[in-house]
Amino acid sequence: MVKDENENPVSEVDEDEEESSNGEDEEEEDFDEDEDEEDEEEEPPVTSESRMRAERARMEGVFHRISSERVPLRVHDVLIKGNIKTKESLIEAEIGALKTATSVQELLQAATIANARLQKLDIFDSVNITLDSGPPELPGTSNVIVKVVESKNPLTGDIGIFTKPEARSWSLEGSLKLKNLFGYGDLWDGSLSYGWDQTSEASVGISLPRFMRLFTPVMARVSLLSQDWLKFSSYKEQALGLSLGLLSTKHHDLAYNLSWRTLTDPSQMASESIRRQLGHGLLSHLKYTFKIDRRNSPLRPTRGFAFVSSSQLGGIFPDYRSLRFVRQEFDLRYALPLGFARAALNFGVAGGVVFPWGSEFLNRPTSLPDRFFLGGNSSPVCSLGGPTSLLGFKTRGLGPSEPKRQFKTKNSEDTNSERDFVGGDLAFTGFADLSFDLPLKVLRDSNIHAHAFACAGSLTKLTENSFRDFSFQKYRDSFRTSAGFGLIVPTKLFRMEVNYCYIVRQHEHDRAKTGVQFSFSSPL
């Protein structure tokens, strides 16, 4: 019985302790729940600004990874959208590099190139290339979406009146262009140019960016050309021709030309050597051009260099009337920055030679229109392509010349002292041009600047055994030189110059003049 009395109080105490501990636990649980509720209440709400910051941080991390390491990725599929008329095969040929990309870096570069190539077709108003993630079951893949918007107005045209003050000539020029007629990226164009004083031309052409399995554009053009050189060389030229562009890349160009050419003299005053050239001729030649231009600007170059080489082989058509000749010319330019007032020193040398080939070629003359003619006020800085311009000298104003046909009258046996410039077989020109900014801010902001220049050139005959009399001393004496200074106003399309030219050296029958001259030049 004692034992029972002793045990009952213990059990009661345990029960009391359990009740008290249970109460404490419940209080702790309630306190924890209150703390959790307070923590949940203290968390700030997610705002659009915080989402943008998180997205920006994520994108920065992606860009950092792309720029620091190679990220493997392959293209699962390329989807083309928006092409209604354009053949899908044409677009696929221009974006083929997208499918071979093996990393994010290669894919971005291929997308940039593909966008530029599609824009170059000139048949789309806009081109967008989107890189999307691939199927979830194929990690590390991407889908490329190419969306194009075809030109709303496939027919475009323009018309304008152009003038050449140095040649005192005007021309009316117009053109029409029809884009993507058959969906192959084909460009059809027609142009008409009518000159009141010198040159008129009508032509129709087509350009295909892809032809069969060729990877370069193919161009074809039919043209009718009429040029009036009566004022300078007493003949008119008419040519009906077909030209084919066989190869056209960034640095290389290969073309074939077939023309039926006619030379006439309506004035009946041509010199003896020009009269021998009058009549019909078949011009069939292959022309290859290599060009590289690393200058920072074609209108006002301040650094870089440019080089052009052109080779022609005439007479490849099997016909006895085909004109046979070989013509080679080059042009080299270099621009050196001087480090003050945007000053730059431009150097340039250009040369060319033309020679007939075939039996007894040493005794035969070269075709008159294929010879070199120098003169004119086109800027030598802009004109890249061969020896042509010499500031201060008129168009076709220097080189070999002959007196025109003489007329006898009752009072005088010789009443005509005019001469025909007959061109040359060996040509060379060189120039140095120093350009610099003017101190007025309004002129600097408009890119109007000044320059000082010096030019030299020579034109010599080599055919018909004239090379036998050729010597270094005679060649050195054949050079003409000029110098001067002027103001240059460059625009997006052309370069206008107002120059004062001083003729340093000229020959007896040259047409040159010291004084103020205007010049309009275009690098196109």
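Worth pointing out:
- Each label point was placed 7 Å from the Cα along the Cα-to-Cβ direction; for residue 260 and residue 502 their separation is 5.5 nm.
- Across every pair of non-identical alpha carbons in region 193-317, the mean reciprocal distance, once inverted, gives a Kirkwood radius of 17.2 Å.
- For the pair residue 514 and residue 93, the difference between a 0.36 nm per residue extended length and the Cα-Cα distance amounts to 145.8 nm.
- 37 °C / 0.692 mPa s Stokes-Einstein diffusion coefficient of region 316-459, Kirkwood radius on C-alpha pairs, µm²/s: 179 µm²/s
- Nonpolar atom fraction for region 312-376, defined as the carbon and sulfur part of the 1.4 Å probe accessible area, stands at 65 percent.
- Over the Cα atoms of region 70-161, the radius of gyration divided by the Kirkwood radius equals 1.09; this is the Rg/Rh ratio.
- If the Kirkwood radius is taken over C-alpha pairs of region 390-524, then at 4 °C and 1.567 mPa s the Stokes-Einstein diffusion coefficient equals 74 µm²/s.
- At 0.890 mPa s and 25 °C, Stokes diffusion of region 76-122 via Kirkwood alpha-carbon radius, µm² per second: 218 µm²/s
- A 1.4 Å probe, protein heavy atoms only, puts the accessible area of residue 156 near 60 Å².
- Å² of accessible area per residue within region 202-266, as computed with a 1.4 Å probe and no ligands counted: 55 Å²
- Converting phi to 3J(HN,Hα) with the Karplus coefficients 6.51, -1.76 and 1.60 and the offset θ = phi - 60°, region 469-485 yields 8, 6, 8, 5, 5, 5, 5, 5, 6, 7, 6, 10, 9, 8, 8, x, 8 Hz in sequence order, with x at every glycine or proline.
- Karplus-derived 3J(HN,Hα) values for region 497-510, using 6.51 cos²θ - 1.76 cosθ + 1.60 with θ = phi - 60°, are 10, 10, 10, 9, 10, 10, 7, 7, 8, 8, 9, 4, 9, 5 Hz; glycine and proline are entered as x.
- Normalised contact order of region 246-353, rounded percent, pairs of Cα under 8 Å and 6 or more residues apart: 21 percent
- Computed with a 1.4 Å probe over protein heavy atoms only, the accessible surface of region 269-411 comes to 47 Å² per residue.
- Taking 17 Å as the straight-line reach from the Cα of residue 231, the lysines in range (excluding those fewer than 8 positions away in the same chain) are 164, 394, 404.
- Rh (Kirkwood; distinct C-alpha pairs) - region 450-490, Å: 12.7 Å
- When only alpha carbons are used to place a centre, region 347-401 and region 105-136 end up 45 Å from one another.
The values are calculated or read from the model by the stated rules, or taken from the named source; none is laboratory data. Here the structure is a predicted model, which is why all the values come from computation and not from measurement. Reconstructed Cβ throughout: ideal geometry from the backbone, glycine too, with neighbour counts over all protein chains shown. For accessibility, only protein heavy atoms count, side chains too; no ligands or nucleic acids. Shrake-Rupley method; radii C 1.70, N 1.55, O 1.52, S 1.80 Å.
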